[in-house]
Structures are given as C-alpha cells and as structure tokens.
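To start, the structure itself, in structure tokens.
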Amino acid sequence: MVRFLLNDEPVELQVNDPNLTVLRYLREQQSQCGTKEGCAAGDCGACTVVVAAPTPTGDELQYRTINSCIALMSSLHGKQLITVENLGNAKSLHPVQQAMVDNHGSQCGFCTPGFIMSAFALYHSSVEVDREEAIHALSGNLCRCTGYRPIIDAALSACAQRQPDQFDAQKEQTISALLKLGSSCADKDAQALIMPTNRQQLADAMASHPLAKLVAGSTDLALDITQGQQQFDTLISLSQMAELKQIEITEHTLEIGAMAALNDVACAVTEVYPQLQELFTRFASLPIRNQATLGGNIANASPIGDTPPVMLALEASLVLDNGEECRTVAARDFFTGYRQTVMAKNEWIRRVIIPKKQPNQRVAAYKISKRQEDDISAVCAVFSLTIENHVVTKLTSGFGGVAATPVCCPELEQALVGLTWSDPTCLATGKQILANAFSPIDDVRASAAYRKQVLANLWHRFWLEHQTDNLIPTRVVSHA
C-alpha cells in the first residue's frame, strides 16, 4: 500500500501494477494532464513534478523535482506529490506562474508546466537565488521554441520577490499528515510491489521472490519499462529502507548508504573531494540526481556510469548484505563482466565506504561527452595522485567508456611510482600506457581510436595541471 498526499489530498493506493509510473498515474487515473510526456526517459523535463518530504528534524519540508515519467509509484510513499494544477487557485496564479506570464516565458506551452515546477522547487529552496542558481534549478528542462532567457528571468523574478504561499501556510498540517502516512508501508501479502522497511524484511522478500528486481531510484530500471516495453510481475522497492539512506563522515572515511540520492551524496563527497564537484553536477540533470542513488549507479555495473570510476580511483569499498551477514568488497574487485558483479543473488549493497583525502593527495575527474549538460560519458577518467618530496608514491585510477566494465589501469599505477612527478618521463610513460591499455569499441558516442587518444590527452592535462602547489582548478571537460 502506497500512502501519500496528492497535492493536499491523502491517497492510499494498492499498487497492483508495479510498472505504473507517476506520470501515467496522474494522467490516466487522476486526469491531471498538466504534467506532459515528452521523452519517457527523464531527458526533457516536460513531466517534472515536485515531491515534498519532511526533513530529518521533522520541522521543515524539502521540495525536490523529479521526472515523473521514470518515477515509480513506490517513490511517493510518505511524500507529497505536487502538480502544476495545484499551484494557483481560481482567483490568482502562483507567483512562479505569474512571473512566467509577465516575462513572456511560454510559447507553445508544452514544456511550460515542467519549467514552472522546477521554478516552484527553487522558490521553496533555502538558497540565495542568482542567475547561476536559476540555471541550475532549470537544468533538467528543455524548451524548443521560447528560448531560455525569458524563462530564467521568470524564475529570477519570482524568487526575488518571495512571499509565503499556500504551501508555507499549510506546512505544519502537511508535515503531520506525511509523518502519519509514512509510518507504515510493510504489507506481508503484497505480491506486485513489495516495500520492506528493514534488512530482515528485504531478505525475506528476496527469498520469496528470487526473480524480482530491486528498484532504488528507478532512473535506470524504469527505462526498461518506458523504452524497452518490459513488464515486471514483481518489484522490490528499497525506498523505505531508512538504514540505506544514511551518510556518515567519520575520522577517516565517508560512509554512504546505498540508497542515498546522488544530490545528497554529492554534498558529502565534494566536502572532502571538491575536485569532483563538476563531475557530480554533470551527472544527468537535477531531477535525475534527486532520484538516482549511489548504490544503484554502482550495482547496475554500466561501463559508462559516472560514479564507478570515482570509486575505483578513490579505492572505495562496498559493504554487501544478505540479511544475515555483511561482507566488504573492494570496488576494484566488484565488477566481473558487462553488467555483472560479485554480488550473490541474495545480496544487496548496504553502504559505500570512501577513504578521506590525504594532505598530499591530488584528485582530478574528467568527463568527455558530446553535450556539456545531461549526457552520457564517451570517456570518463579519474586520477588520484600522492606525491612526497616531488616523487610519486602512489597513483590510482578509474575509467569509464573504454571497456566492458568500469576499469582501473594497474600498469599505469605501477609504472609511475618512484618517478619524479615533474620529469617529462611521467608524461610520456602515462600517455603511452593509456593509449594502448584498453580495447574500446566504436559506438554512437565515439570511435575506439578517439577514446584511446582522449585517454592519452587527459593524462597530459592531468600532468600539466598538477605541476605546482598552486594547482589550476580542475574542471570536467566536454567535447562538442
């Protein structure tokens, strides 16, 4: 049973079809057609809605955009689903809607509801809104006729004149209702959509339904439904596994629950490794990062996932759980083949452990893609270098897009140790090794020859950028 607020109305829904997306539910079952279907892949933002959930302290609401076309109904439990139909009322538009009108931010109007919902989430954020923040908030939305300037102006105008709205006035009632609705979701008799709340329930569900898929943020699995036309008889949702969402910073490590959303992960990781900020920012779009999870991005074992190269270079480890015991596996030992890992059928990722950055450690991440925003890597390269007295004492690496799995390069890592970093031999050796280390494929994103050349060039850039103590700020680059 999924319990949530649809705008301000409580809903208790027995989900008999686990493939039901939030978009289909709104349009087909609620006749709320302001939310549009554009791509059914989380790319265009026409389907953007906002979900609100109580913060950990329980005294505030956090508003986040999601792509309803690839969000499954289990993601709504204990949350408020806000649609464009409920922003204004019969007498007046909401300030973000009025600003869109005043700034002439709409022409054909198909994308407009999605933009308005993104601006609405920004309106209810705690950040000081400038142009950069507005662009970031709207980064998951595409428009093909108006042009972005008036839309950005509308967001800036609304947020510059923020006044309490109906959602602020109803905050306490909303929080109270959500806490009550989210207090229970376990249903022992559920067969289609199972939502365990603890590891024992999860282990039992996996034992009872050995063929069922685990679903976390659904940003990848939902594409099998919307694009691949697959239908799953049973899904086991991890959305209510609170213990898998915890993030803890210890003296020596970052310990990140597998279900932590990537935006939350980014905040924690970039506090320790600020050099990774742009890589996380360029991970898909803001609504995707609000849904996608670190564990999901690692577990699907995609050779072009953006976080696995980071885990390899930083020598992260994964804690795997089966409900009875846990075991720890190095990220470097986790990937065994294309979309294959060392996980047993009854295991899941519990948490990811990342060592903290050391004083002499230098980290850089490079993502090469055809588009600067919202695109999949053609090549991703992450390097972690430790230097003592100008001599390389340690080098680790992680790469995506160059093999059937995310990979590191042991030959490179061993060849550089003991060399003086400023010696051109480091540059030449690294370029030669990386140009021949892998056998990538030709595909729509890049040719094999291009990928090999890019790897060598990225090493050249890394070497140049880290020649002095006054490091050039590392930026993730894109090839247009």
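Since every read-out is calculated from the coordinates, none of them should be taken as a lab result. Just so it is clear, the model here is predicted, and its values are computed rather than measured. For neighbour counting, all protein chains shown are included, and Cβ atoms are generated from backbone atoms with ideal geometry for every residue, glycine included.
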Taking the alpha carbon gyration tensor of the stretch 294-402, what are the square roots of 5 times its eigenvalues, largest first, to the nearest whole Å?
-> 25, 20, 10
Normalised by the residues of the stretch 312-356, what does the relative contact order come to in percent, with Cα pairs under 8 Å and at least six apart?
-> 49 percent
Rg and Dmax [Cα atoms of the chain; Å; Rg one decimal, Dmax integer] | 23.1, 73
For the chain, what is the mean residue ellipticity at 222 nm derived from helices alone (per DSSP H run of n ≥ 4: -39500 (n - 2.57); sum divided by total residues; nearest 500 deg cm²/dmol)?
-> -8500 deg cm²/dmol
Scan around VAL15 for amide H atoms under 5 Å from its own, H built in the peptide plane at 1.01 Å from N, and keep only partners 5 or more places away or cross-chain.
-> VAL2
Under a straight-distance cross-link criterion of Cα-Cα below 17 Å, which lysines are reachable from LYS394, leaving out those fewer than 8 residues away in the same chain?
-> LYS356, LYS357
Leaving out same-chain residues fewer than 8 places away, which aspartates and glutamates sit with a Cα under 13 Å from that of LYS36?
-> GLU28, GLU85
May I ask you to list the aspartates and glutamates whose Cα is less than 20 Å away from that of LYS91, ignoring any residue fewer than eight positions away on the same chain?
-> ASP8, ASP102, ASP165, ASP168
Percent RCO, i.e. relative contact order, over the stretch 95-160, from Cα pairs under 8 Å lying at least 6 residues apart | 52 percent
Using the Karplus equation 6.51 cos²θ - 1.76 cosθ + 1.60 (θ = phi - 60°), what ³J(HN,Hα) coupling, rounded to whole Hz, does each residue of the stretch 278-289 give in order, writing x for Gly and Pro?
-> 6, 4, 5, 4, 8, 6, 6, 10, 4, x, 5, 5
Report relative contact order for the chain in percent, whole number only (criteria: Cα-Cα under 8 Å, sequence separation at least 6).
-> 12 percent
Shape descriptor, the stretch 243-355: equivalent ellipsoid semi-axes (Cα gyration tensor, sqrt 5λ, whole Å, largest first) stand at 21, 16, 14
Applying the Karplus parametrisation 6.51 cos²θ - 1.76 cosθ + 1.60 with θ = phi - 60° to the phi angles of the stretch 332-337, what ³J(HN,Hα) value in whole Hz is obtained for each residue in order, glycine and proline being reported as x?
-> 5, 9, 7, 8, 10, x
Rounded to whole angstrom, the alpha-carbon centroid of the stretch 110-154 lies from that of the stretch 235-264 at a distance of 29 Å
At q = 0.08, 0.09, 0.21 Å⁻¹, what base-10 log of I(q)/I(0) does the Debye formula yield for the stretch 103-260 when every alpha carbon is treated as an equal point scatterer in vacuo?
-> -0.40, -0.50, -1.18
J(HN,Hα) series, the stretch 438-445, from Karplus relation 6.51 cos²θ - 1.76 cosθ + 1.60, nearest Hz, glycine and proline x = 10, 10, x, 10, 7, 8, 5, 8
Using a basic spin-label model with each label point 7 Å from the Cα along Cα→Cβ, how many nm lie between LYS357 and ASP333?
-> 2.9 nm
Quick one: which of LYS367/LYS452; LYS213/LYS367; LYS171/LYS245; LYS180/LYS213; LYS180/LYS245; LYS431/LYS452 span more than 18 angstrom between C-alpha atoms?
-> LYS213/LYS367; LYS171/LYS245; LYS180/LYS213; LYS180/LYS245
